[in-house]
Structure formats: C-alpha cells, structure tokens
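Asker: A single structure is presented below for examination.
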Amino acid sequence: MSGPLVALVGLPDTGKTTYLVAVWNAVQSPAEGHSLSLERYPTAAVYLDDMHARWLRGERVGHTPRDGSELVELALKFNDRPFDLEVPDLSGETFEQMVVERSVTSEVDELLLRASGALVFVHPDHLRPRLTIVEADALGATASSDAEPTAPPLDRRMLPAEVHAVDLIHAIYLRRRAEFAAPARIAIIVSAWDSVADEKLDPSRWVEKRMPMLHAYLRSRSGDSHRVFGASAQGGDAGPAVAEKDPVSRAWVVEAAGDIHHDIAAPLVWAAGLK
Amino acid sequence: METHPTPRIEQALHGYDHGHRLLAASATLSAEALRLMDRLSDAAGTTGHPDEDGYLTGYPLPDGRYALARTWPAWEIPRPNCVWTHTLVLTKEHLVDDADVGRWPALLRRPDGDLKVYEAPVADARGRTKGRVPTAAQVDEPTRTAICTSLYGSDDGLAWAESGDPSLRDELALAVWAQLWPALRRRFAFCSGALEPRQAGARAFDLCLVPPASARAFRAAAPSVPGAQVGENVTRWLAYDLAQPSPPFRQFLAFVAGGSTRRTTIASLANVWVSLTDATEPQEALAAAVREITKIGPRPDQARRLKRALFRLPESPMLRLASPVDVFTILTTGPLAASVTPSDATLGSWAGLAWAAAPDRVLSFVATQTPNETRQLVEQVVEEQASPPDLPRLASSAPALLWRVLARNTSDDAWWTAFAALDAEAIAEAARVAPQGEAATLSRAAAALVGDGSDIADRWRLLAAAVGAEAVMKPTVAALTKRRPISEQWRDALGAVDPNGEHVLRHAESSVELAVAAEVVEPTPVVLGRGLTPWDGLSERDVASLRRGLAVLFLASVASPQTSDPAFTGRVYGELYRRLAVDEAADEWAVLRARLKGSPDDWDRCKRLARTLAKALRSSGSRRVDLVVAHAAREDGAAAARLVECLEEPPPKRKLRIFGIEIG
C-alpha cells in the first residue's frame, strides 16, 4: 500500500482498538457528515469483524495482545477520492515498554518513522494527578517530621498519564528528527470523553486543566502540528444500554474548540494529512 | 525416591492489570527475557478464544533458560481477550530427562486469588509430580506423520497441525517435545493453542497446534514448510515413536545428536536407526552402517558420535546385528577402516571378540597389515588375550608376536610347555625372528626346549643356531643339570653348536654345571689344551659322578701336565683307574680308547692308562710327580703303584722305519 500510515499510540486500556473498531463501523456504514467511506472490503477483515461484533453488542473490545498486533490496511474514499490507509493496531504494552523500559522493537520503530501522523490516546482514568509542592504545603503535608520518610520504589507505569503522553510524543519527535523524517501530525485523543463531558470543558481546555504538563509541552512545540480531540468510540459505558444506540451515530468526537459531531474518523483524517 | 536434589524451578505469573504484565515472579529476569515473556505470555492471537483448560507454550529464553507456560482465559477480568499465564523457568538440568517433560506441565496452575504463591520457587518439584514420558498415542497417525514430515524436513520454519481437541493438542505438543534430545529441546518453541503464527524473538515457532477456528490464519500466513523429503519409512518410524516411545531410539538420539540444534538431524539419525533395525541379515546391517557412515561422516573427524553409537562396545547394536569377526574386518580392512578411528569404534574390544571367535582372521590382519596404529592396537589385544594353545598359530602367522607374547609370560610354565611342544617348523619360524636383545625370553625358551622328546635337541639346535650359543648356553647347561646322565643327542647338539666348549665352560659356574659341561664337551685339542684349570670348581662328589666326563678330565690333565693341578690329576687318575679295574666303564673307555698310549691290542686298560699318565709326567719335577702319586694313592693304591711302576720303566726305544720297514 502506498497511502498514508497513521499510528495509534497509547498505553494499555487507553481506547486505541475501540477507536479503530468505531472507525471500521463508520466507514462500512457512512452517514452524512462522515468523511471516510470504504472503497472496497479488505481481504483480511477477520480481525476487525471479530471486534466489531463485540462493539455492536456493547461489549468491551478485547485486549490487543502483544503478539496480536495487526496492520490494518483499508482501501477508503475521502471526499470521493480513493486512497489507502494503514493503521497499525499495536498493543498498549508496546508503548508501555517505550516509556517504562525505554525500548522498542525495530518493527514498531519502522512504523513510527513511516507514519504520516499519530493518534496519541490518553484516558481520563489514568490521570493519576500528583499534588504540587504548593498544594502539599497548603495541606501541611510537608511539615518536617522526625521520622525518616520511606519513599516507595518508583513504578514508571504509575506515573500520570500526561507524563507518558509527553514521553511518547517527544520520543516520536526525536526519533523522526534523527532520521530526518518530516514532523508527524499528532492528534491527542482524550478517550471516553463521555465520562468527562459533565466538566463542560472543550478538549483543549480540559487538557490545559487536567494535564497541564502535556498542555505546556504542546505549547512549547507550537511550530509542530498537533490537535486535541475528545472521542467516545464506545458511545458510553460498555453494556446493553450502549448496544441499543444507533451504531451510525453512537460514537462521537469533540473538536478542540468544542464542536461535537459523529464523524469518528475526523482525527484520523486530520492526522493522515487529508485535511 | 529422588537421590539427587532437583534444581529449584523459578516461576512467574502474568495477567491483566491495566495492560498485560508480570504480576508475580520468584526470581529476577533479565530485561530481554522479561520482554519476551511478556509478549509470549499474552494471548496467542486476537481471533478466537483459548479453551478453558488453556494451552501450553514453550520457548527458549535469551539467557539460556527455558520457559514452559500454560495460558488460560481470564474470564474474571471484564476486558475480553485477557489471559492468565503461569510460566516455569526451567534450566538445562530440568530438560535432560524425557520423563521430566511430562512432569513439569503438571506444576502449572491457574491463579485462584493468591498471587504470592508465585513469588517463591517451586520446591521439591520432582517429589510433587510423577514423571512420565509423554506420548501421542491418542493422536491419529496421519496427524503424527504430517507433523514429523514438516517438522523434521527442515531446520527452521513453522510446522502446524489442526485439532479440535485441546487435550490432544497438548498431548501431541509434549510428545514431540519429549521426542527431541536435550539440546534441541531447549531451543524448541511450541504452542498447543496458537490462534495466529507466533515468533520467539526473530525465529518463528517450530510447532503450533491450532484450534480449527484459527486454522485459516495459519493457511494464509504460514504455507507448508518446504524442506527436504523425509523418507516414508523414517516418518513412519518417527510417528510411531511419538505414540510408543522407544527408549533405545531416544537414547541413541540423545547421544548421537549431542549438541546439534538442527531438526533435520533427527531425520538423518532415524534413517540410520531404521536402516539398522530393518536389516534381517547381518550383512545387511553392516552394509547399512557402512552406507550411512560413508554418507554422513566419511572422514574420521566427522559424525563421531554416530560412529561411537554404532560401534562402541559394550552398547554397540552391531553386537546383536552382526558377527564380531565381520565387524572387525570392516573396521580394519574394509570400507570403514579410513572413516572410523580405533578409539571411536573401540577397536580393541572388537579385536578381542574377533580373537575369541576366529583368531586366525585376526592374525591374518596382523600378518598382512603394514605397521600402523591399528595394527599395533590389534597386536596388543592379541598379546593380552592369547593363550598357550595359540602358540602354533602365532608361530606360523606372526612369529614376532609370538615372542612378545612369551615375553609377557616368562614366569608362566604353561606357556613354555606349549613352546616346547611346537614342531620343528614352528620353532624354525620363530627362531628366525627371535628378538636378539631379549635375554630373559631367549633363556626361558632355551631352557624350555631341554627335554626328552625325540627331536627336542634338534629343535634346540635350531634355536641356538638362530640366536647364537652365547644366548642359550647358560640356561641349557642349567637345565641339563637336572637331566643326568646327559644323553647322546644332547651331547651331539651342544657339540654341534659349541664344538670347543667355549660357551659351555664360560657359563658353567657351579660344580654341578661343570660336571654337565664335562659330560658334554668333546675332547678336542682346544678343550684338552686348557688342561684341568677350567674344571677347578668341580667338587669331589661331582667328579665321582662323572662318566665320559672323567675321561675328558684325564685327557685334559695329560695334555697339559705342567698346568694341571697335580692333586686334581692324581684324583682323576685314581678314580678312573679304579673304575677301569672293576667294571667295563664303557662311557669312559669310549672316550679314552683311541687316545691312550699303548698297543691297541693290549687288553690291560689300566696299564695303558698308567703309561699314558707316566709319559706325560716324565718331564715334570719330582715334587709334582710325588703329589700326583700321593693323591692317586688316596683314590686307589693299585693305581698309584702302577703309576710308579710305569714311571720307573725305561722309555721305549724309538723304532726306525725306512720305506715302511721297521728296523730295530
């Protein structure tokens, strides 16, 4: 295939595969406002079909095993223009290995170098916010004590999601720069947006408030192309209730400034450089 | 009951906790090993679901250990496709025994809530489980055959088979794993419930057993492995062995394959095995062995383990399949002589067996082979294993070897009895190559031949002629001291070899040996010219025991009257006179008859004796004469008186002869 490749990047349980399945659902049954449609049915769709069936039933999409990573190749149409899209669905553990062990396989490295863009997924449940020193002072938590503090050993997995996100984005940036590859478009996808919709913040503001480090990093890279999206690929909490929703309009996206629509593929389209 | 401690087995548990990860482990794993384990402990694909009982995965770890794991679906985790995987980290020691292959899977446990049990090594693993060699008896023959064909027809690449029964998939996977020898077993990657083709690092898995729902992924992604054709009889045997493990075959594989990590090795070795075991005639078995060795290891440094497995005694299958003589022949002069080293073939042992069965064949090899390491080895075996009855064949085929055998057994009388029994031809043949420097052996040989047989002295003469009188005389004289009176054949024999008694006299040390010497030497001028001096060591008793020897002493005394001890002279004369006076003394007279002075018609032998001595003493001084007379008188008074009488007789006139006419 010679079309764009968009990498789905994120630690485990951040919604990458669910998003991909939602896109698969959308391109098979495009509705008005959907930017992508299927040009022809792929020859190896078993992987997607199996998970699609779960998605339709409102079940959680299966965990993507490390050995089960798939390079999804789709023949699509964008504004009636056919093009091929490659989306490697890598396991979250692959990216966890990047941030925890600082290593990546050569196959993943090659994919990240080839990618035109990347969707970097973060999940609101993984924020794991820390107290700032000022906040700790205010609480009196930094008062001196005779007892020697015993810090637990650092578990890099348990760092806040924004730390992982910055780490991943910066690693991709440095790697591509080392190989003289053009900067990739980075779409930050805040998954399960339905769970934070009540905060009444658009995705950019939400990231600024909830993930200030990521926000600061993105601002520092103002010359690069990045956008923040909120996405609910499942359409709500997994269960029978979400299965009863119309699949065409079940998944939805929130643009950076707050516009909401059902074109779940929009971040993908942007990251692929089609728009 | 285990008599040796089991190296403890480390273990690890993987499961889903915001991602599939290591949840508990009893030992620290290297980063590389952990990465591999993290990946291969995760679900074996995304399409399909593991069965309730899970599936087995085995693969080598980068640090040289081996991971054996069972993976179960984690139904209790809300996210689909999550799994639990319990992994045993096995060391080399855990994978040596075929029975352990069946033992370890029983230790794999699905977590039941308490993860702490996975933080300690498995203790007393062998005590807790029953070892058994896994078999694939329940798996149908076509499946077993297909797996063997694809797996053993190439060194790399995936071999896979489809089965709907998870227990059969486990059974087949473990049976194949157990069929391998330890080195290959430690490198072998397999999965009994693969949903998609799997990789262990850069290598594809060797074996995947696949539920039917996942077979399509394998057909699409992993076409059948192209490889060398494995013979039908070989795959049939290997497939049979999966169902009915053959311990001898497995031992053969383990030994011969050794450190090989190539899958095709098993096909090659199974081919050898089948060739040998299918052979119905000994020659067929040998021909098969020759064919395989020539093909696989024509040089001595190639395929040495195979050669040892085929020929090394006592385990060699050739012992059952062929005669030791034929095996010996093939290894020494046949097609394998240049391909198999003597040590690899335990040629010495085969030579020993061949010697016991057909010694002439072994000696034929020794006789015709140019000296080399092999011949030396065989000769050494013959030296060690020959027995006295073998002497005749040694003499005719390998006389030099005969001497080496005798040299090892100089103190064993049975050998010398057998040597003495050799016929003249054999003695001659042996004598021809007798080792000149081996004094002890030659001495023993000479002594052995001193006997009473009809031609024994002739055989002694053959030996003496070949090795020289000096080498044989002392033991011969010593042996003859026990065989008195000395027979004429021995006198003749020694006389022929030592006409002037030089060697006899040099080696006669004791009185009795001097007596023997006196009995055997001929009264030649050289002997007599020495006078009585060489006989000074003779005791009176031994002098009295002499027969013809006494006559020789008398003649020696009269031949050199000035140098011979007068007392000795008198004693010899007196003793001899007395014998001639009282009996026939035939032996003595035979020596004296032609040499005594006096008329040949004169029947008074005593007189002739006395006259001879008197004539010899005429030029001696009176003191010497007096001594002779005095000692003669001690022996016999009449002898002394007769001597005095002869001394007082006027010397006979010389008669003049002119033209044959005596005048005067």
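The values are calculated or read from the model by the stated rules, or taken from the named source; none is laboratory data. Please read all numbers here as calculations on a predicted model, not as lab measurements. Don't worry about glycine lacking a Cβ; one is built from the backbone with ideal geometry, like all the others, and counts go over all protein chains shown. Note: areas computed on protein heavy atoms with side chains; ligands, DNA, RNA excluded. Shrake-Rupley method; radii C 1.70, N 1.55, O 1.52, S 1.80 Å.
Asker: Enumerate the amide H contacts of A:Leu8 below 5 Å, restricted to partners 5 or more residues apart or on another chain; note that Pro and chain-start residues carry no placed amide H.
Answerer: Distant-sequence amide H within range of A:Leu8: A:Leu90, A:Leu119.
Asker: Let me ask something else. Counting protein heavy atoms only and a 1.4 angstrom probe, how many square angstrom of accessible surface do chains A and B bury in total, to the nearest 100? Walk me through the numbers on the way to the answer.
Answerer: On the way: alone 13910 and 29950 Å², together 41700 Å².
Using a 1.4 Å probe, the pair buries roughly 2200 Å².
Asker: Could you give the size of the charge dipole of segment B:301-453 about its Cα centre, using +1 on the Cβ of each K and R and -1 on the Cβ of each D and E, expressed in debye and rounded to the nearest 20?
Answerer: Values: 13 positive and 17 negative charges, 139 e Å.
I would put it at about 660 debye.
Asker: In percent, what relative contact order does segment A:189-245 have, based on Cα pairs under 8 Å that are 6 or more apart in sequence?
Answerer: Details: 42 pairs, mean separation 30.6, N = 57.
Taking the mean separation of contacting Cα pairs over the length of segment A:189-245, I get 54 percent.
Asker: May I pose another question? If the cut-off is a Cα-Cα distance under 16 Å, which lysines reach B:Lys295, setting aside same-chain residues fewer than 8 apart in sequence?
Answerer: Result set, ordered by chain and number: B:Lys307.
Asker: Send over the Kirkwood Rh of the protein assembly as shown, from the inverse of the averaged 1/r over different Cα pairs, rounded to one decimal Å.
Answerer: Values: mean 1/r = 0.0262 Å⁻¹.
Answer for the protein assembly as shown: a Kirkwood hydrodynamic radius of 38.1 Å.
Asker: May I pose another question? Where does helix B:347-357 land angle-wise versus the long Cα axis of chain B, in degrees 0 to 90, nearest 10?
Answerer: 60 degrees
Asker: Can you give the average number of partner chain beta-carbon atoms within 10 Å of each beta-carbon in peptide B:33-42, as a whole number? List each step's numbers first, then the result.
Answerer: Working: counts 0, 2, 6, 1, 0, 6, 10, 3, 3, 8.
For peptide B:33-42, the averaged partner shielding equals 4.
Asker: Out of B:Ile456, B:Thr294, B:Gly437, whose Cα points farthest toward the positive end of the dipole of the protein assembly as shown (charges: +1 Lys, Arg; -1 Asp, Glu; placed on Cβ)?
Answerer: B:Ile456
Asker: Near B:Lys597, which lysines are there with a Cα under 26 Å away, not counting those fewer than 8 places off in the same chain?
Answerer: Within the straight-line limit of under 26 Å, B:Lys597 reaches these lysines: B:Lys607, B:Lys615, B:Lys653, B:Lys655.
Asker: Can I ask one more? Normalise the Debye intensity by I(0) for segment B:566-650, one equal point scatterer per Cα, no solvent, then take log10 at q = 0.22 Å⁻¹ and round to two decimals.
Answerer: Log-scaled intensity ratios, in q order: -1.02.
Asker: Now a separate question. For segment B:42-93, just the Cα set please: Rg and Dmax, both in angstrom.
Answerer: When restricted to Cα atoms, segment B:42-93 yields Rg and Dmax of 12.6, 40 Å.
Asker: Name the long-range amide H neighbours of A:Phe229: under 5 Å, sequence gap of 5 or more, or other chain; modelled H, no Pro or chain starts.
Answerer: Under 5 Å from the amide H of A:Phe229 lie the amide H atoms of A:Ile188, A:Ile189, A:Val190, each far enough along the sequence or on another chain.
Asker: Any idea how far apart B:Glu648 and B:Gln436 come out in nm if each label point goes 7 Å out from Cα toward Cβ?
Answerer: 6.3 nm
Asker: While we're on this one: For segment A:142-222, what does the alpha-carbon gyration tensor say about shape, rounded, prolate or oblate, given a ≥ b ≥ c as the root eigenvalues, a/c under 1.5 as rounded, and a/b over b/c as prolate? Please report the intermediate quantities before stating the final value.
Answerer: Values: a/c = 2.51, a/b = 1.35, b/c = 1.86.
The shape class here is oblate.
Asker: Please give the calculated 222 nm ellipticity per residue for chain A, where each DSSP H segment of at least 4 residues contributes -39500 (n - 2.57) and the sum is spread over every residue; nearest 500 deg cm²/dmol? Could the numbers behind the result be given before it?
Answerer: On the way: 11 runs with 98 residues, N = 275.
The helix contribution divided over chain A gives -10000 deg cm²/dmol.
Asker: Continuing with the same structure: To the nearest 500 deg cm²/dmol, what mean residue ellipticity at 222 nm is calculated for chain B from DSSP H runs of n ≥ 4 alone, each contributing -39,500 (n - 2.57), summed and divided by the residues?
Answerer: -15000 deg cm²/dmol
Asker: May I ask you to list the chymotrypsin sites (Phe, Trp or Tyr not before Pro) in segment B:2-97 that are in a DSSP loop and have at most 16 other Cβ atoms within 10 Å of their Cβ?
Answerer: On the way: sites: B:Tyr16, B:Tyr55, B:Tyr66, B:Trp75, B:Trp84; in loops: B:Trp75.
For chymotrypsin sites (Phe, Trp or Tyr not before Pro) across segment B:2-97 that sit outside H, G, I, E and B with at most 16 neighbouring Cβ atoms in 10 Å, the list reads B:Trp75.
Asker: I've got another one for you. What helices in chain A pass both tests, a Cα length along the helix axis of 27 Å or more and a mean Kyte hydropathy of 1.0 or higher, using whole DSSP H runs? List each step's numbers first, then the result.
Answerer: Numbers: long enough: none.
For chain A, where a helix must reach 27 Å along its axis and average at least 1.0, there are no hits.
Asker: How high is the relative contact order of chain B, in percent, counting Cα pairs under 8 Å that sit 6 or more residues apart?
Answerer: Working: 1092 pairs, mean separation 44.0, N = 664.
Dividing the mean separation by the residue count of chain B yields 7 percent.
Asker: If R0 is 56 Å, what FRET efficiency do you get for B:Ala337 and B:Glu93 from their C-beta distance, rounded to 0.05? All intermediate terms of the calculation are to be shown ahead of the outcome.
Answerer: Working: r = 40 Å, r/R0 = 0.72.
For B:Ala337 and B:Glu93, the calculated efficiency is 0.90.
Asker: Further question: Using θ = phi - 60° and the Karplus curve 6.51 cos²θ - 1.76 cosθ + 1.60, what whole-Hz ³J(HN,Hα) does each residue of segment B:396-413 get, with Gly and Pro shown as x?
Answerer: Along segment B:396-413, the couplings run 7, 9, 8, x, 5, 5, 4, 5, 5, 5, 5, 4, 6, 10, 4, 9, 9, 4 Hz.
Asker: How much of the DSSP bridge set in the protein assembly as shown is antiparallel, in percent, rounded to the nearest 5? All intermediate terms of the calculation are to be shown ahead of the outcome.
Answerer: On the way: 50 of 72 bridges.
The answer is about 70 percent antiparallel.
Asker: Over the heavy atoms of B:Arg393, what accessible area does a 1.4 Å probe trace out, to the nearest 10 Å²?
Answerer: In the full protein context, B:Arg393 sits at about 70 Å².
Asker: Right, another one. Where a ≥ b ≥ c are the square roots of the eigenvalues of the C-alpha gyration tensor, would you call chain A rounded, which needs a/c under 1.5, or, failing that, prolate if a/b is larger than b/c, or oblate? Mind dumping the intermediate values first?
Answerer: Details: a/c = 1.79, a/b = 1.50, b/c = 1.19.
In terms of gyration-tensor shape, prolate.
Asker: Let me ask something else. Mind giving me the nanometre distance, one decimal, between the label points for B:Lys116 and A:Ser222, set 7 Å out from Cα along Cα→Cβ?
Answerer: Computed distance between label sites B:Lys116 and A:Ser222 equals 5.6 nm.
Asker: Let me ask you something else. Quick one: ranking A:Glu32, B:Glu315, B:Glu522 by accessible area, 1.4 Å probe, largest first, what do you get?
Answerer: Numbers: A:Glu32 185, B:Glu315 135, B:Glu522 70 Å².
Correct descending sequence by accessible area is A:Glu32, B:Glu315, B:Glu522.
Asker: Which ³J(HN,Hα) values in Hz, rounded to whole numbers, follow from the phi angles of segment B:109-119 under the Karplus curve 6.51 cos²θ - 1.76 cosθ + 1.60, where θ = phi - 60° and Gly and Pro get x?
Answerer: Computed from phi, the couplings for segment B:109-119 are 10, 6, x, 10, x, 8, 8, 5, 5, 8, 8 Hz.
Asker: Quick one: the Cα spread of segment B:101-197 along its three principal axes, in angstroms, biggest first?
Answerer: Projected onto its principal axes, the Cα set of segment B:101-197 covers 43, 27, 26 Å.
Asker: Compute the normalised compactness of segment B:385-537: alpha-carbon radius of gyration over 2.2 N^0.38 Å, N being the residue count.
Answerer: On the way: Rg = 15.6 Å, N = 153, 2.2 N^0.38 = 14.9 Å.
Here the Cα radius of gyration is 1.05 times the empirical estimate.
Asker: Which three semi-axes in whole Å describe the equivalent ellipsoid of chain B, each the square root of 5 times a Cα gyration tensor eigenvalue, listed largest first? Write down the numbers at each step before the final one.
Answerer: On the way: eigenvalues 2090, 120, 50 Å².
Equivalent ellipsoid semi-axes, largest first: 102, 24, 16 Å.
Asker: Tell me the relative contact order for segment B:104-227 as a rounded percent, counting alpha carbon contacts under 8 Å between residues six or more apart. Mind dumping the intermediate values first?
Answerer: On the way: 147 pairs, mean separation 33.6, N = 124.
Contact order relative to length: 27 percent.
Asker: Rounded, prolate or oblate for segment A:140-275? Axes are the square roots of the Cα gyration tensor eigenvalues, ordered a ≥ b ≥ c, and the cut-off for rounded is a/c under 1.5.
Answerer: Numbers: a/c = 2.24, a/b = 1.30, b/c = 1.73.
Here segment A:140-275 falls in the oblate category.
Asker: Can you work out the Karplus-derived ³J(HN,Hα) for every residue in segment B:370-378? Use 6.51 cos²θ - 1.76 cosθ + 1.60 with θ = phi - 60°, whole Hz, and x for glycine or proline.
Answerer: Ordered by residue, 3J(HN,Hα) equals 5, x, 7, 4, 5, 5, 4, 4, 5 Hz.
Asker: May I ask you to rank B:Asp114, B:Asp100, A:Asp198 by accessible area, largest first, using a 1.4 Å probe over the protein chains only? Mind showing how you got there, number by number?
Answerer: Working: B:Asp114 75, B:Asp100 0, A:Asp198 130 Å².
In descending accessible area the options line up as A:Asp198, B:Asp114, B:Asp100.
Asker: Rolling a 1.4 angstrom probe over the protein chains, ignoring ligands and nucleic acids, what is the accessible area of A:Met213 in square angstrom, nearest 10?
Answerer: Only protein atoms counted, so the area is about 90 Å².
Asker: Also, quick follow-up: Per 0.36 nm of contour for each residue apart, how much would the distance between A:Ser103 and A:His170 grow if the chain were fully extended, relative to their Cα-Cα spacing? Intermediate values should be presented prior to the final figure.
Answerer: Working: separation 67, 0.36 × 67 = 24.12 nm, distance 1.41 nm.
22.7 nm is the gain from fully extending A:Ser103 to A:His170.
Asker: Follow-up question, since we're still on this one. Go through segment A:193-275 and name the GluC sites (Glu not before Pro) that are in a DSSP coil and have 15 or fewer other Cβ atoms within 10 Å of their Cβ. It would help to have the intermediate numbers written out before the result.
Answerer: Values: sites: A:Glu199, A:Glu208, A:Glu244, A:Glu255; in loops: A:Glu244, A:Glu255.
In loop regions of segment A:193-275 (DSSP not H, G, I, E or B), the sparsely surrounded GluC sites (Glu not before Pro) are A:Glu244.
Asker: Same structure again: A:Val72's amide H: which non-local residues (gap 5+, or another chain) put their own amide H closer than 5 Å, with H modeled 1.01 Å from N in plane and none for Pro or chain starts?
Answerer: A:Val87, A:Asp89
Asker: Just want the answer: with Cβ charges of +1 for Lys and Arg and -1 for Asp and Glu, which residue in B:Ala43, A:Ser116, B:Val230 is farthest toward the dipole's positive end in the protein assembly as shown?
Answerer: Working it through, the farthest residue towards the positive pole turns out to be B:Val230.
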